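Inspection log for the structure reproduced underneath, given as structure tokens.
The values are calculated or read from the model by the stated rules, or taken from the named source; none is laboratory data. Since the model is a prediction, treat every value here as computed from it, not as a measurement. Glycine gets a Cβ as well: all are built from the backbone with ideal geometry, and neighbour counts include every protein chain shown. For the accessible areas, the whole protein counts, side chains as well, though only heavy atoms, and no ligand, DNA or RNA atoms are used. Shrake-Rupley method; radii C 1.70, N 1.55, O 1.52, S 1.80 Å.
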Amino acid sequence: MDAGKSLREHGLRIGELEPGPAASIADVAGVAVGHATVARTGVTAVLPGPIERLWAEPVPAGVGVLNGAGELTGSHQIAEWGVIETPVYLTATMSVGRVYDGAAAAAMATEPRIGVDAVVIPVVGECDDSWLNDPRTTQVEPDDVQRALADATASEAVAQGAVGAGTGMVCFGWKGGIGSSSRVTGGHTVGVLVLANYGDGADLRIDGVPVGRRLRPPSPDRDPAGSCIAVVATDAPLGSHQLARVARRAGLGLARTGSVAHHGSGEIFVAFSTTARVARGAPVPPALPDGDLDPLFLATVDATEEAVLNALWAAETTSGRDGLVFERLPHEPVLELLASHGRLRARPARAGRR
């Protein structure tokens, strides 16, 4: 087995649509991702485009919530105005305030009007990483936002697994974190990035195979009610209400992996379109007809499912607070299970779905 191979490179195919060349959210033109890792926590920044333009020329956006025991700052403004005017920042629950401060400072550095005759409401999402991170100790600082932004500028590939905001996350009892994937359909690309931190180990499914029933994590028992933030990007011309509908479909991708959106879990999703920038206060340009959304819904569900699996596959065994250790998902036994269920066979995309 080649430990460096992705699940897709091993032959797993989630759905019938094919990904873009990078098989990540970076396949959507203009989107960049950067990380800053601090001890067992960190910051991840998802940029819909150059940060210098975002406040003056925001992009259409929408939000969706499956279970709301979590936070995505700026979500009310997105729902009201239908646009997003900062990158999406991800971090640990008790670091939201410091990342918010750093995000506001980053926006002010690019736009002299902010803080003078206008304000900015940064978009910051969180998951609780306190099984590995020590939230009572200040780890993330506002300056780490700038580090994540600089990394987004310098890096074309999207680092996945235990990196940035995903450093301390746990998924289905195994080490979780950042995962990403993409799909191409009808000439448009949909990319998804998840911060995966949820699930009961017994519920894990990979392409429908009940892996969690056969492989139980040796890691300590933890409350399965974690959270998952999903960021969906597309180059399809969509309006805010359509993007809210797209965002909600991320929950179906989580369900395929075994999520039931536990009582204490926060499944919160944000989607944006990079096709048409909107001058502040101007109306959002015409969008695709609602009847044309089904292929984008399918792409979102498939890409979300694969993004979670990529987070699990890329994450390494990690030790943290009080000596706790969460193991990586064991590759060889998983591949054996998938092969025994006939899942490691390359399947071409169905004609007409690309």
query: Stretch Asp101-Thr153 to full length: gain in nm at 0.36 nm per residue minus the Cα-Cα span?
result: 16.7 nm
task: Run the numbers on region 210-290 and let me know its relative contact order in percent, using alpha-carbon pairs under 8 Å that are six or more apart.
output: 43 percent
task: Over all alpha-carbon pairs in the chain, figure out the percentage whose distance exceeds 30 Å.
output: 30 percent
- prompt: Hey, if you drop one equal point scatterer on each alpha-carbon of region 1-158 and run the Debye formula without solvent, what base-10 log of I(q)/I(0) do you get at q = 0.13, 0.16 Å⁻¹?
  reply: -0.69, -0.99
message: Explain nothing, just the number: relative contact order of region 1-120, from Cα pairs under 8 Å at least 6 residues apart, as a whole percent.
response: 21 percent
Cα-based convex hull, region 82-228, per residue volume (Å³, whole number): 153 Å³
message: If I build a Gaussian network model for the chain, linking alpha-carbon pairs within less than 10 angstrom, which residue out of Ser265, Ser181, Ser130 has the largest mean-square fluctuation?
response: Ser130
statement: By the DSSP-based rule, helices of the chain that are at least 24 Å long along the axis (C-alpha) and have a mean Kyte score of at least 0.5 are 294-314
query: Which one of Ala154, Ala69, Ala307 has the biggest mean-square fluctuation once the chain is modelled by GNM with Cα springs under 10 Å?
result: Ala154
field: Radius 11 Å from Cβ of Ser219, net charge of other residues (Lys, Arg +1; Asp, Glu -1)
entry: +2
query: Length gain on complete extension for the stretch Arg345 to Glu316, per 0.36 nm per residue less the alpha carbon to alpha carbon distance?
result: 7.9 nm
task: Step through the residues of region 209-224 one at a time and calculate ³J(HN,Hα) from phi using the Karplus curve (6.51 cos²θ - 1.76 cosθ + 1.60, θ = phi - 60°), rounding each to whole Hz and writing x for Gly and Pro.
output: 7, x, 4, x, 6, 9, 10, 9, x, x, 5, x, 4, 9, 4, x
field: Cα centre as origin, Lys/Arg/Asp/Glu Cβ charges: region 247-300 dipole, Debye
entry: 200 debye
query: Tell me, what is the per residue accessible area of region 45-114 in Å², probe radius 1.4 Å?
result: 38 Å²
- line: Computed D for region 89-134, Stokes-Einstein, Kirkwood radius over alpha-carbon pairs, 4 °C, 1.567 mPa s, to the nearest µm² per second, is 112 µm²/s
query: Taking amide H positions as placed 1.01 Å from N in the peptide plane, with prolines and chain starts having none, which residues 5 or more places from Asn67, or on another chain, fall under 5 Å of its amide H?
result: Glu267
Descending principal axes extents, region 214-257, alpha-carbon based, whole Å: 46, 19, 14
- prompt: How far apart, in nm, are the 7 Å Cα→Cβ label points at Phe297 and Glu52?
  reply: 4.1 nm
- line: Here the residues of region 119-153 lying in the modelled label zone of Met108, meaning backbone nitrogen under 11 Å from a point 7 Å along Cα-to-Cβ, are 120
message: At 1.002 mPa s and 20 °C, plugging the Kirkwood radius over alpha-carbon pairs of region 61-110 into Stokes-Einstein gives what diffusion coefficient in µm²/s?
response: 178 µm²/s
statement: Length gained if Glu9 through Arg222 is fully extended, taking 0.36 nm per residue and subtracting the Cα-Cα distance, is 73.5 nm
message: Below 8 Å between Cα atoms, with a sequence gap of 6+, how large is the relative contact order for the chain in percent?
response: 26 percent
- request: Work out the charge dipole of the chain with +1 on the Cβ of Lys and Arg and -1 on the Cβ of Asp and Glu about the Cα centre, then indicate which of Val31, Leu344, Pro283 is farthest towards its positive end.
  value: Leu344
Cβ crowding within 10 Å averaged over residues, with 279-287, 314-322, 99-107 ranked highest first: 99-107, 314-322, 279-287
